[in-house]
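Read the structure below first, then the notes.
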Amino acid sequence: MADIFTWTNCRADIYSYRYGTIAKDFLTLVAKPSLDALDNEVQKWNESDDPVSHFMISDLQELTSKTLTAFCLSIQSLWERQIRTYMSGCHEELKTDLSAISKRKGTDVIHSVLWGDELNAVFEHLRGIALSSFESYPALDMLQLVGNVCRHGDGPSCRRLWNEHPELWPEYGFDERFDNPSLPLHPPLADTMRISRELLTSFVEAIDLFWDDIEYIYNESIQRKAPSLEAKLVVEREKRAIRFSR
């Protein structure tokens, strides 16, 4: 998405201006302090001579794993509500007929289409650009998949995630599967998936990048640009050219 692209601006574009910041604030002000507190407790018991320290550390590590899973699910829910609210706002304002794109009926079409090809088709019909063309899409698609596994546990989503991202199960032969993807390894249980802080951060960065791109397209789509905005866009275009040349 390096080329200049424009669309019909909507109020939904304006209302989404803080979406990226909200995701970053959730990570910085909610998730990280909670995880830091758990890490401090683990460190405290690591330095303790108390005979129960081993059991306390084990319990805290389990709690940390569950907390990371809960935060991942929260981030996925935050993102999904954002993108669907945005699309619903565009649909309401543009009065776009979605009957040829989705078999779903009623006023709740945007909130009922499934993530993946169905939602992507609706997004492209509304905004004239493929959702998958955004640089952030691979990470956001992974976020949806990880979120489904966090929510539903074992099942089709877990099997797909295992096939596409076996590194989330480091204790189950990731190195062997990476070297030989055809190796007939059985999918591990969803409860043994390992979510890291780094993964949460990458998801939030992807959300922020997506909404940055939405703002950029909105600014490019303004027909009469103030000189200050045009100057800002010159700098932004240069940054984007460098970003997409890598």
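No lab work stands behind these numbers, since they all come straight from the coordinates. Keep in mind the model is a prediction, meaning the values are calculated, not measured. Ideal geometry is used to build each Cβ from the backbone, glycine not excepted, and the neighbour counts take in all protein chains shown.
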Pop a pseudo-label 7 angstrom from the Cα along the beta-carbon direction at both Ala231 and Arg151 and give the gap in nm to one decimal. 4.6
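Expressed as a rounded percentage, what relative contact order does the chain have, with Cα pairs under 8 Å and six or more residues apart?
32
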Segments 48-61, 31-44, 195-208 sorted - mean Cβ within 10 Å per residue, highest first: 195-208, 31-44, 48-61
Exposure proxy check on Lys24, Lys95: fewest-to-most Cβ neighbours within 10 Å is Lys95, Lys24
Based on the mean of other Cβ atoms within 10 Å per residue, sort peptides 113-123, 217-227, 154-164 so the most packed one is first. 113-123, 154-164, 217-227
So, with +1 on the Cβ of K and R and -1 on the Cβ of D and E, and no other charges, what is the size of the charge dipole of the chain about its Cα centre, to the nearest 20 debye? 1120
CD proxy at 222 nm, helix term only [per DSSP H run n ≥ 4: -39500 (n - 2.57); per residue of the chain; nearest 500]: -21000 deg cm²/dmol
Aspartates and glutamates whose Cα lies under 17 Å from that of Lys225, excluding same-chain neighbours fewer than 8 positions away: Asp13, Glu215, Glu236
Asp97 to Lys66: extension gain in nm, 0.36 nm per residue of separation minus the Cα-Cα distance? 6.9 nm
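In what sequence do Val149, Val235, Val30 fall when counting other Cβ within 10 Å, fewest first?
Least to most surrounded, the residues fall as Val235, Val30, Val149.
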Where Cα atoms sit under 21 Å apart: lysine pairs in the range 1-108 separated by 8 or more or lying on different chains: 7
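Note down the net charge around Glu230, summing +1 for each Lys or Arg and -1 for each Asp or Glu among other residues with Cβ under 14 Å from its Cβ.
+1
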What distance in nm separates the two pseudo spin-label positions at Phe244 and Ala130, each 7 Å out from Cα along the beta-carbon direction? 1.4
Per the Kirkwood formula over distinct C-alpha pairs, the hydrodynamic radius of the chain in angstrom is 20.6
